[in-house]
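The values are calculated or read from the model by the stated rules, or taken from the named source; none is laboratory data. Note that the coordinates shown come from a computational prediction; the quantities given were computed from them, not determined experimentally. Quick reminder, even Gly has a Cβ in these numbers, built from the backbone with ideal geometry, and neighbours come from all protein chains shown. Each accessible area value is taken on the protein alone, full model and side chains, heavy atoms only, with ligands, DNA and RNA left out. Shrake-Rupley method; radii C 1.70, N 1.55, O 1.52, S 1.80 Å.
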Amino acid sequence: MINPLELTGPNFLIFYMLLGTLVLALMYLLRRLSESGAVPRVDYSDPYLIAYLRGGELETMRVAAVSLIDRGFLILSNRRLELVNDRAIDLVRRPVEAAVLRRAQATNDLMLFFDSRTIRRTTVEYKETLQRLRLLPDAHIYRVRMLILAAALAVLIGFALASAVTAAMRGRYNIIYLILLAAFFCGVAIKYYNPLRTALGDALLTDLRTLFQSLKNRASMIRAGGATGEAVLLMAVFGINALPGATFPAAREFDDRRRSNRTSCGGGHGCHSCHSSCSSSCSSSSCGGGGRSGCGGGGGCGGGS
Amino acid sequence: MSAKFEAFLAKLYVDDQARSRFLADRRREALSSGLAEDDCAALENIDLVGLELAANSFARKRASHRLRRPASKLSHWLKSE
Amino acid sequence: MNDRFGIGWRPELAAGILSNLDCIDIIEVIADDYFTAPRSKRRALNTLARQVPVALHGVTLGMASAVPVEARRLERTARLVEEVRPEFWSEHLAFVRGGGVEIGHLAAPPRTAATIAGAARNLAAAGQIVGAPPLVENIATLIDPPGSTMSEADWNVEILAAAQCDLLLDLHNLYANAVNFGFDPHQYIDRMPRERIRAIHLAGGRWIKAKSSGEFRLLDDHLHDVPEAVYNLLEYVGEKTCHPLTVILERDGCYPPTNALLNQLDLARQALRRGRERRRTSPVSEAA
């Protein structure tokens, strides 16, 4: 049997690349296995719960803002958000919406708008609910992820160190490619060890996208004004960019793909907020279903007319 | 009443030409399909209004199925449904 | 009385249904939409079934036929039932194909001893393969089935007895047949074994005109609101039955706002409640 530490040159690099890929794959599989389970019952009457599942606290706030603009409680003009009138706060049901409206009383600057602990506090309940349902990682799941990461880093760094020491003992000091590869795989492991959702949360979101695919397919027919709640549900499940810009011009302002990195990730909540912006902008790959409509699509048993 | 009778009815509902021939001479069409005498007698007294409406309704239903599932024909062919 | 009220699942109604599960006790899913669906859709259906009780409703088995239902069709129904674990599954007293020809919809077979025997045989096979017999639904028909030797009520009663199945009573189908062919729907309801009425369908339709004769008949198209006459029939069923019923609203298109559909469910609740109340206050109505 070949001792991998005896490999040199390109052979060694290929081996390390295979090792790194295997470690990342195992990380992914172990995380999925430890986070899978029976789909829990979820209350879908609050679309912001789904928005939080999809994109975290920042995304929830953005969806709330666009919904409030659509329903006429907020006005977006020249990248400034303004409250229509002070009574609007009494007319909304959800705490996150009330918080967004109160924020509009305090500041209009869109760039600073979501950097608000007050609004963030109103989304904590969503996070706790989703953690309780194991759709977002709780403390226990986070510990398991850390363990998996630690094991992965131990293998990657440990092997790299052992290889470097072996190479040095043999008078070979050109280990720059080893360092680069090790840094690359460790970087990928660190970047993706703690995604926003658990495997169960991913599965539920995928299923929701399948169930709501018909809504997405007819997005162009959704009327502005919020009478049906379909716009906010569409945003919650698929992202703000699922709304047609022609009917919902505010959606363009909040479109992930147009936003620059200047949007605040917030204070101590940096990681999840940045993950939320990444996951919502990358959501198109996991939107589920191409041209096929969602579940059903049959015509039922009504007579042909 | 038998499978043959149901098959005749199915064709009557779906096939416009078969229905036209039937309406032109009901007894002859029924006899030529090998149906029993009592089946032929029943068909001679068929509810003509209902036949027209049912055939049209079934046709629209089939058309709506095709519209809803454009890929279904291919999948059906592949699966030899 | 724990009556349940639900709605037929249609993708177009997904948003409204999932946002209002507190008002919906059960959802009915068209089974045939999932037989060849990709894994993602079937998994989504399972997720749906974890959120709200689901009933599966088949439309293409063609149970009421002298021709045996193909085992492979029953087997795929069985697989779906096993996967989804619905509250119940149902099918129609109809034939849908013959001689290799697919009709594309539910057609009323001749009401004869042969189709009764065929239906009983098919339902027995279904119960064996799927693991539970379906509820069987009376269908609407625009044509008086040729070759029939008995009334719809008698034919249905015979099938229920022969197959030992329960009835999914579609009240708009009953109403449409009653107005089209001139019988009293209340008498039909009175003929049914009451303990076998387990579920109810509500729907709407419209009048269509025959070009040849100018005659009008009522089409059960599921594209219109439930008419008052059907709510009245529901009230009558409520008066005649003393066990819980599952009432499902069917809508296949021309979808109104969700609130309008939920309002129709509320009207159904009120109708059934009135019937129950009438039964409670007038026990003599129990007489057969």
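With no solvent and one equal point scatterer per Cα, compute the Debye intensity ratio I(q)/I(0) for the protein assembly as shown at 0.06 Å⁻¹ and report its log10, rounded to two decimals.
-0.46
R0 = 45 Å: FRET efficiency of C:Arg278 with C:Ala71, Cβ-based, nearest 0.05?
Values: r = 46 Å, r/R0 = 1.02.
It comes to 0.45.
Output wanted: per-residue J couplings in Hz (rounded whole) for the stretch B:11-23, from phi through Karplus 6.51 cos²θ - 1.76 cosθ + 1.60, θ = phi - 60°, x for Gly and Pro.
Computed from phi, the couplings for the stretch B:11-23 are 5, 4, 6, 9, 9, 4, 5, 4, 5, 4, 5, 4, 5 Hz.
What size of dipole, in debye to the nearest 20, comes out for the stretch C:4-281 about its Cα centre when the only charges are +1 on Lys and Arg C-beta atoms and -1 on Asp and Glu C-beta atoms? List each step's numbers first, then the result.
On the way: 32 positive and 34 negative charges, 99 e Å.
Using only the charged Cβ atoms, the result is roughly 480 debye.
Read phi for every residue in the stretch A:177-194 and hand back ³J(HN,Hα) as whole Hz from Karplus 6.51 cos²θ - 1.76 cosθ + 1.60, θ = phi - 60°, with x for Gly and Pro.
Here the 3J(HN,Hα) series is 5, 4, 4, 5, 5, 4, 5, 4, 5, 5, x, 5, 4, 5, 5, 10, 6, 10 Hz.
Write out the GluC sites (Glu not before Pro) in the stretch C:95-197 meeting two conditions: DSSP loop, and at most 14 other Cβ atoms within 10 Å of their Cβ. It would help to have the intermediate numbers written out before the result.
Values: sites: C:Glu102, C:Glu137, C:Glu152, C:Glu158, C:Glu195; in loops: none.
Qualifying residues, ordered by number: none.
Distance between Cα centroids, the stretch C:52-77 to the stretch A:1-78: provide it in whole Å.
Value for the Cα centre distance between the two parts: 41 Å.
Non-local amide H neighbours of C:Arg4 (under 5 Å, H modeled in plane, Pro and chain starts lacking H): which ones?
HN-HN under 5 Å from C:Arg4: C:Leu245, C:Thr246, C:Val247.
Please list, by residue number, every one of the trypsin sites (Lys or Arg not before Pro) in the stretch A:76-125 that is coil in DSSP and has at most 10 other beta-carbon atoms within 10 Å. Please list the in-between numbers first.
On the way: sites: A:Arg79, A:Arg80, A:Arg87, A:Arg93, A:Arg102, A:Arg103, A:Arg117, A:Arg120, A:Arg121; in loops: A:Arg79, A:Arg87, A:Arg93.
Loop-located and lightly packed - A:Arg87, A:Arg93.
Can you tell me the order of C:61-68, C:128-135 when each peptide is scored by its average per-residue count of other Cβ atoms within 10 angstrom, highest first?
Working: C:61-68: 24.2, C:128-135: 18.0.
Ranking the peptides C:61-68, C:128-135 by packing returns C:61-68, C:128-135.
Among A:Ala139, B:Gln17, A:Gly201, flag the residue with its Cα farthest along the positive direction of the charge dipole of the protein assembly as shown, charges on Cβ as +1 for Lys/Arg and -1 for Asp/Glu.
A:Ala139
Quickly work out the B:Gln17-to-C:Ala132 label distance, labels modelled 7 Å from Cα along the C-beta direction, and quote it in nm with one decimal.
It works out to 4.8 nm between the two label points.
How many square angstrom of accessible surface are buried between B and C, both sides summed, with a 1.4 Å probe and rounding to 100? Could the numbers behind the result be given before it?
Details: alone 6060 and 13110 Å², together 16530 Å².
Using a 1.4 Å probe on protein heavy atoms, the buried area is about 2600 Å².
With the Cα gyration tensor of the stretch C:4-281 giving a ≥ b ≥ c as the square roots of its eigenvalues, does the rule (a/c under 1.5 for rounded; else a/b larger than b/c for prolate; else oblate) give rounded, prolate or oblate? Mind dumping the intermediate values first?
On the way: a/c = 1.33, a/b = 1.04, b/c = 1.28.
Verdict is rounded for the stretch C:4-281.
Of the options C:Pro110, C:Val52, C:Asn180, report the single residue whose Cα projects farthest towards the positive end of the charge dipole of chain C (beta-carbon charges: Lys, Arg +1; Asp, Glu -1).
Towards the positive end, the residue furthest out is C:Val52.
With θ set to phi - 60° and the Karplus curve 6.51 cos²θ - 1.76 cosθ + 1.60, what are the ³J(HN,Hα) couplings of the stretch C:118-124 in order, to the nearest whole Hz, using x for Gly and Pro?
x, 5, 4, 5, 5, 5, 5
Collect residues whose amide H, placed 1.01 Å from N in the peptide plane, falls under 5 Å from the amide H of C:Leu167; neighbours closer than 5 in sequence don't count.
For C:Leu167, whose amide H was placed from the backbone, the distant partners under 5 Å are C:Val136, C:Ile197, C:Arg198, C:Ala199.
Dipole magnitude of the stretch C:119-242 about its Cα centre, charges +1 at Lys/Arg Cβ and -1 at Asp/Glu Cβ only, in debye to the nearest 20?
Numbers: 10 positive and 17 negative charges, 56 e Å.
Taking the Cα centre of the stretch C:119-242 as origin, the dipole is about 260 debye.
Using unit Cβ charges (K, R positive; D, E negative) and no other charged atoms, how large, in debye to the nearest 20, is the dipole of the stretch C:1-155 about its Cα centre?
On the way: 15 positive and 18 negative charges, 133 e Å.
It works out to roughly 640 debye.
Whose amide H sits under 5 Å from the amide H of C:Ile103, counting only residues 5 or more places off or on another chain, with H placed in the peptide plane?
When sequence neighbours closer than 5 places are left aside, the close amide H contacts are C:Arg97, C:Gly98.
Around A:Ala51, what is the net charge, scoring Lys/Arg as +1 and Asp/Glu as -1 over all other residues with Cβ under 10 Å from its Cβ?
Details: positive: A:Arg54, A:Arg62; negative: A:Asp46, A:Glu57, A:Glu59.
Computed value for this residue: -1.
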